[in-house]
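Peer 1: Before I ask anything, here is the structure I am working with.
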Amino acid sequence: MAYAPFEGRRIYSERLGDGSKTVIFGHGNLASANSWRLMMPYLPLDRKNVFIDFPGFGKSDNVPPTTVEHCADALISWQKYWHLGPAVYVGHSMGAVIGLMAALKAAEFSK
């Protein structure tokens, strides 16, 4: 993985492992995908462990406004771009709220 387009800018992500199951890791405020670095060696490699930098964080471009709702839109767009399909989501702090918002928005899109 690397960059996916979002509103004319780029969203960064990286992947560890491969398999039919996907786990997406979302970081907290003032952090990045790098915040998961210490646990990466302990993750099973028989699944896709995917780490995203939300807009304005880490290696992602700044796509104003950087709000929870906007980051949720970026997460949905990014997941569709990489064709990740259904996934387990692990979020820390702000990342947990973004994941919840994305799940609620995705449920609305599927109605």
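Peer 1: Could you name every one of the strands (runs of 3 or more DSSP E) located completely within the range 1-102 that has at least 2 residues being surrounded by 18 or more Cβ atoms within 10 Å (Cβ to Cβ) and of a type outside the set (Gly, Ala, Ser)?
Peer 2: Answer list for the range 1-102: 9-16, 22-26, 48-52.
Peer 1: Only one residue in Pro86, Pro64, Pro55 is in contact with a Cys (Cβ under 7 Å, 6 or more places away or on another chain) and either polar (S, T, N, Q) or on the phi < 0 side of the Ramachandran plot (or both), so which one is that?
Peer 2: It is Pro55.
Listed here are the residues, each with its yes/no results for (1) in contact (Cβ under 8 Å) with a residue 60 or more places away in the chain; (2) of a type in the set (Lys, Arg).
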{"position": "Ala33", "(1), (2)": "no, no"}
{"position": "Arg37", "(1), (2)": "no, yes"}
{"position": "Lys48", "(1), (2)": "no, yes"}
{"position": "Phe57", "(1), (2)": "no, no"}
{"position": "Pro64", "(1), (2)": "no, no"}
{"position": "Ala72", "(1), (2)": "no, no"}
{"position": "Ser77", "(1), (2)": "yes, no"}
{"position": "Val97", "(1), (2)": "no, no"}
{"position": "Leu104", "(1), (2)": "no, no"}
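Peer 1: Is it true that some residue in the range 67-87 is under 20 Å from Ala2 (Cα atoms), out of contact with any Pro (no Cβ under 6 Å at 6 or more places or on another chain) and acidic (Asp, Glu)?
Peer 2: Yes, the conditions are met somewhere in the range 67-87.
FYI, it's all coordinate maths here, none of it is from the lab. Everything quoted here is computed from the prediction, not taken from an experiment. Please note: Cβ atoms are built from the backbone with ideal geometry, for glycine as well, and neighbour counts cover all protein chains shown.
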